[in-house]
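Values quoted throughout were computed directly from the atomic coordinates according to the rules given, and no laboratory measurement underlies them. Note that the structure is predicted; figures quoted are calculated from it, not measured. Ideal geometry is used to build each Cβ from the backbone, glycine not excepted, and the neighbour counts take in all protein chains shown.
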Amino acid sequence: MAKFLLFIVVLAVIYALVRASKRRSKPPPAARAPEAMTRCAHCGVHFPSAESVRDAERDYCCEDHRRLGVRS
Ligand SMILES: [Zn+2]
């Protein structure tokens, strides 16, 4: 009888450990912060600010558009 009770306790501990590890491995929702976006002063396309080619005061999507400047 004592062996049977020990078996039940061991199963309960294993079940609790598996549940705890599943809960811990779940990734948190929205872990990444939203990325800042900017607009190309030449063609008007929106793209991540980190990829911009900067002029004195304006952002461009590529080196060619920076050379061409602001399109009116
Ligand atoms: Zn552009």
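How large is the Kirkwood hydrodynamic radius of the chain, in angstrom, based on all distinct alpha carbon pairs? If you can, show how the numbers build up before the last one.
Numbers: mean 1/r = 0.0590 Å⁻¹.
About 16.9 Å, per the Kirkwood formula over Cα pairs.
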- Note on the structure: Dividing the mean separation of Cα pairs under 8 Å (6+ apart) by the residue count of the chain yields a relative contact order in percent of 21 percent
- Item | Label point distance in nm, A36-R71, each placed 7 Å from Cα along Cα→Cβ | 2.6 nm
- Message: Give the separation of the Cα centroids, the range 4-26 to the range 47-72, in Å.
- Response: 57 Å
